[in-house]
Amino acid sequence: MTVPDNERSDNQYPVESLALARLAAEIADDKQGLDTIVLPVGKVLSITEFFVITSASNRRLVRAIADEVEQRVREATGRSPGRVEGQIGRAHV
């Protein structure tokens, strides 16, 4: 799993946002996600600070990873995503 280093002065992100992205990445890894990365996008997008990107070998596993991340983040934080892209085909979420 690749996660940005919040120690560098040019990469200061809200601690809560980075912790949430790390949690989602760890959950994806636990659920057999491959090549998981946390990508900082806050400087170019106003809707979020990070994207968590992972790969899976098939659509069923993509769905299982996405469902597990959503469920465990909700349990840990009481928060659900405002919007999820790609739920229909589950080729990406």
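The values are calculated or read from the model by the stated rules, or taken from the named source; none is laboratory data. Nothing here was measured: the structure is a model prediction, and the numbers come from that model. Cβ: placed from backbone, ideal geometry, glycine included. Neighbour counts: every protein chain shown. Ligands, DNA and RNA are stripped out before the accessible areas are found, and what is left, the full protein with its side chains, is counted by its heavy atoms. Shrake-Rupley method; radii C 1.70, N 1.55, O 1.52, S 1.80 Å.
For P81, state whether it is modelled with pLDDT under 90, open to solvent by less than 90 Å² (accessible area, probe 1.4 Å) and not small (G, A, S). Answer is yes for this residue.
Take the stretch 23-37 and flag every residue that is open to solvent by less than 60 Å² (accessible area, probe 1.4 Å) and touching a Ser or Thr at 6+ places or on another chain (Cβ under 7 Å). Matches in the stretch 23-37: A25, A28, D29, G33, T36, I37.
Taking the criterion of being open to solvent by 70 Å² or more (accessible area, probe 1.4 Å), part of a loop (DSSP other than H, G, I, E, B) and closer than 14 Å to V84 by Cα, the only residue of the stretch 38-72 that qualifies is I47.
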